[in-house]
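Read through the structure below, which is laid out as structure tokens, and then see the notes.
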């Protein structure tokens, strides 16, 4: 739940980008990655940056981002327009890689920063909640699989949309659940287009 914010957003973002809470647990230097502007109309709540994002410092600057932009119907210019899109993951730093892919978001990050950051995002009209960690934070989902949560997307639409992760590693999920790209993605693109048109025209 967003807390009442007392620090200005520029001050808060400077603190986030200088954060080193998880430094002792990482095999690399911390590099927090986020995109936040108080005017943003769409909030993307994801998991944590991957290796390529850690290297570039640009959120979703990888194949996951390519698929996500396709789902949204946005080109890179629109996606990285902070007036339109805010990107606030559960963990701001790349957590490293385990046996089956990237490790979970670091546990220190969300309690330290997310509530105060989200309190600045009062203009958001659509929140995209990607993956189990973000779904637990935003939706209070303590039980049930990502598939079950995403399948119930109509319960929260059009303000909130729980989504699977767009990672290439998630090909099996998408193949097993073709309804998401067939039924949900076209509606998502329509919603995003309407929001984006209002921002461009503002």
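The values are calculated or read from the model by the stated rules, or taken from the named source; none is laboratory data. These numbers come from a predicted model, not from an experiment. So basically every Cβ, Gly included, is an ideal-geometry build from the backbone, and we count neighbours across all protein chains shown.
For region 1-90, please list each of the helices (runs of 4 or more DSSP H) lying entirely inside it that holds at least 3 residues being modelled with pLDDT under 95 and closer than 19 Å to residue 106 by Cβ.
The qualifying helices (runs of 4 or more DSSP H) are 51-56.
Looking only at residues that are closer than 19 Å to residue 84 by Cα and surrounded by 15 or more Cβ atoms within 10 Å (Cβ to Cβ) in region 164-202, which one is modelled with the lowest pLDDT?
Checked region 164-202; the qualifying residue modelled with the lowest pLDDT is 199.
Regarding region 93-105, can at least one residue be identified that is on the phi > 0 side of the Ramachandran plot, buried (at least 18 other Cβ atoms within 10 Å of the Cβ) and either in a loop (DSSP other than H, G, I, E, B) or without any contact (Cβ under 8 Å) to a residue 40 or more places away in the chain (or both)?
no
Which residues, taken from region 20-46, are more than 21 Å from residue 120 (Cβ to Cβ) and in contact with a helix residue (DSSP H, G or I) (Cβ under 9 Å, 6 or more places away or on another chain)?
Result: 22, 28, 29, 30, 31.
Being in contact (Cβ under 8 Å) with a residue 40 or more places away in the chain and assigned to a loop (DSSP other than H, G, I, E, B) is the filter; apply it to region 106-115 and report the residue that is farthest from residue 31 (Cα to Cα).
Here the residue is 108.
Does residue 59 satisfy the condition of being in contact (Cβ under 8 Å) with a residue 24 or more places away in the chain, closer than 25 Å to residue 196 by Cα and in contact with a strand residue (DSSP E or B) (Cβ under 7 Å, 6 or more places away or on another chain)?
yes
Sort out for me the helices (runs of 4 or more DSSP H) sitting completely within region 128-202 that have 1 or more residues that are in contact (Cβ under 8 Å) with a residue 60 or more places away in the chain, more than 30 Å from residue 111 (Cβ to Cβ) and touching a helix residue (DSSP H, G or I) at 6+ places or on another chain (Cβ under 9 Å).
185-201
Report whether or not residue 118 is under 16 Å from the mean Cα position of the chain (by Cα), surrounded by 22 or more Cβ atoms within 10 Å (Cβ to Cβ), part of a helix (DSSP H, G or I) and modelled with pLDDT of 95 or more.
Considered against the rule, which asks whether it is under 16 Å from the mean Cα position of the chain (by Cα), surrounded by 22 or more Cβ atoms within 10 Å (Cβ to Cβ), part of a helix (DSSP H, G or I) and modelled with pLDDT of 95 or more, residue 118 comes out as yes.
Has region 70-78 got any residue that is free of Cβ contacts under 8 Å to residues at least 60 places away in the same chain, under 18 Å from residue 131 (Cα atoms) and more than 13 Å from the chain's Cα centre (by Cα)?
yes
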